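Every number here is computed from the coordinates shown, using simple stated rules; none is lab data. Predicted model only: the values in this text are computed from it and were never measured. As a convention, Cβ positions derive from the backbone with ideal geometry for all residues, glycine included, and neighbour counts pool all protein chains shown.
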Amino acid sequence: MSVRRLAVEQPESFAFRADTLKAARAWIGKFPAGRQASAVIPVLWLVQMQEGWVSEPAIRAVAELLDMPVIRVFEVATFYTMFMLEPVGTHALIQVCGTTPCQLRGSEALMDVCKRRIGPRDHRSADGKLYWQEVECMGACANAPMVAINDLYYEDLTPEALEALIDEFAAERRPKPGSAIGRQGSAPEGGPTTLTDPALYDGSRAKPITIPNLPAKERA
């Protein structure tokens with residue numbers, strides 16, 4: 001695993017919003033007294049949902065809230081790649097899957113779009129709205145190539161489809177996630193090829209169940 005470091009430029013301070021703190025305390029309450037450190041991952045995630053990334057002052061605030069050594073929170077934040085350690089786009093964080101199934105289906109062309117529209121990977125666009133990075137498998141191999149944008153999956157993409165998504169997010173719109181070709185779940189392109197008879201699901205083939213009248217002592 002590559003070394004992950006905090007951003008060079010850091011904010012002077014961090015403060016929990018009221019709703020973030022309320023959610024954090026709810027997570028802390030799920031664990032026994034004295035075990036509040038078990039909530040470190042969900043609390044860091046709440047911080048990222050609030051700020052878009054996890055800063056050094058935020059790590060200190062989480063450590064204080066959970067009564068943990070700062071270095072322990074730092075270890076968690078830098079270990080898990082789901083935590084962003086530098087500011088990301090204000091409108092969209094685009095994560096392009098580059099693992100083999102997506103690569104074979106055209107993810108490199110999607111990355112070319114990101115390079116042209118946003119700039120080098122792991123950097124924000126000039127206007128600060130967009131940020132993109134290459135990631136490993138996100139578990140949507142049957143719908144390759146795909147990207148995650150702000151935690152939502154956009155699948156079966158072409159370069160043109162990704163261009164359109166970038167335009168939408170740059171304009172502060174939120175396009176519907178899912179397959180760009182209307183695929184049903186992970187079904188084959190063109191639709192399911194097996195178990196397609198509606199009677200399999202409407203109950204018409206269900207057989208009635210007969211329950212015998214047992215003597216009272218056997219029912220007991």
Q.
Under 22 Å between alpha carbons, and skipping anything fewer than 8 positions from K22 in its own chain: which lysines qualify?
A. K30
(Q) Under 8 Å for C-alpha pairs, at least 6 residues apart: give me the relative contact order for the stretch 92-179, rounded to a whole percent. (A) 33 percent
Q) At what distance in nm do the modelled label points of A126 and E160 sit from each other, each positioned 7 Å from its Cα along Cα→Cβ? A) 2.7 nm
Q. Under unit Cβ charges (Lys, Arg +1; Asp, Glu -1), what dipole magnitude, rounded to 20 debye, does the stretch 92-179 have relative to its Cα centre?
A. 140 debye
Q. What relative contact order, as a whole-number percentage, does the chain give when Cα pairs under 8 Å and 6 or more residues apart are counted?
A. 14 percent
Q: Could you please state, rounded to a whole Å, how far the C-alpha centre of the stretch 125-151 is from the C-alpha centre of the stretch 58-102?
A: 16 Å
Q: Tell me which residues come under 5 Å, amide H to amide H, from S179 once H is placed; ignore anything under 5 positions away on its chain.
A: E155
**Q.** Label-point separation in nm, E168 to R72, each point 7 Å along Cα→Cβ
**A.** 4.3 nm
Q: Give the cysteines in the chain for which no other Cys Cβ lies under 4.7 Å away, or write none if there are none.
A: C114, C137, C141
**Q.** Extended-chain gain in nm, criterion 0.36 nm per residue less alpha-carbon gap, E12 and L104
**A.** 28.7 nm
Q: Order these peptides, 39-46, 62-69, by their mean beta-carbon neighbour count within 10 angstrom, highest first.
A: 39-46, 62-69
